[in-house]
Amino acid sequence: MDKRIRRFYMPMTETSFYILFALQDEMHGYNIMNYVKILTKDEVALGAGTVYTSLSKMEKDGLIVLVKKESNRKFYKITDLGREILETEILRIERLYKNTRAYEGRE
């Protein structure tokens with residue numbers, strides 16, 4: 001994995017995490033915003049400006065790829081590099097969770 005990409009995305013922001021997570025399926029920006037809102041039960045609301053800026057950066061960095069355009073909508077999907085970064089972040093989050101649960105059990 002490119003060290004510059006790793007340094008920029010690891011650890012991931014919540015926005016980057018949810019965008020990559022959503023793009024395991026082909027989606028456009030508005031779909032991503034709705035998906036995250038539903039997934040998080042309205043706890044996380046991604047703004048349009050944030051999503052579209054992130055999509056542009058992620059595409060440039062090779063984490064996602066534009067798969068098609070319909071009208072004014074651009075549909076994206078995660079790449080192998082994006083999936084590698086997402087999986088690394090999921091493992092990091094799982095480790096954090098496991099460590100905090102193990103600590104709570106010591107009391």
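Among all residue pairs at least 6 apart or on different chains, which show Cβ distances below 7 Å where the first residue, located in segment 1-14, is in contact (Cβ under 8 Å) with a residue 24 or more places away in the chain and the second is surrounded by 12 or more Cβ atoms within 10 Å (Cβ to Cβ) and not in a helix (DSSP H, G or I)?
Qualifying pairs under 7 Å: GLU14/VAL44.
Across segment 27-45, what is the number of residues that are in contact (Cβ under 8 Å) with a residue 24 or more places away in the chain, farther than 15 Å from ILE64 by Cβ and either surrounded by 13 or more Cβ atoms within 10 Å (Cβ to Cβ) or in contact with an Asp or Glu (Cβ under 8 Å, 6 or more places away or on another chain) (or both)?
So the answer is 1.
What about LEU39, is it out of contact with any Gly (no Cβ under 6 Å at 6 or more places or on another chain) and among the aliphatic types (A, V, I, L, M)?
Here the answer is yes, as LEU39 does meet what is asked.
If I ask for residues that are among the polar types (S, T, N, Q) and either closer than 14 Å to THR79 by Cα or assigned to a helix (DSSP H, G or I) (or both), which ones from segment 2-40 would you list?
Within segment 2-40, THR15, SER16, GLN24, ASN31, ASN34 meet the criteria.
Working only within segment 48-80, note down all residues that are surrounded by 12 or more Cβ atoms within 10 Å (Cβ to Cβ) and either small (Gly, Ala, Ser) or at pLDDT below 95 (or both).
Within segment 48-80, SER54, SER56, GLY62 qualify.
Considering every residue within segment 85-104, establish whether at least one is at pLDDT 95 or above, surrounded by 10 or more Cβ atoms within 10 Å (Cβ to Cβ), aromatic (Phe, Trp, Tyr) and part of a helix (DSSP H, G or I).
No, segment 85-104 contains no residue that is at pLDDT 95 or above, surrounded by 10 or more Cβ atoms within 10 Å (Cβ to Cβ), aromatic (Phe, Trp, Tyr) and part of a helix (DSSP H, G or I).
Residue check, LEU81 against (1) touching a residue at least 60 places away in the same chain (Cβ under 8 Å); (2) hydrophobic (A, V, I, L, M, F, W, C); (3) closer than 16 Å to ALA22 by Cβ, all met but one. Which one?
Just one mismatch for LEU81, condition (3).
The values are calculated or read from the model by the stated rules, or taken from the named source; none is laboratory data. As the structure is a prediction and not an experimental result, all values here were calculated from the model. Don't worry about glycine lacking a Cβ; one is built from the backbone with ideal geometry, like all the others, and counts go over all protein chains shown.
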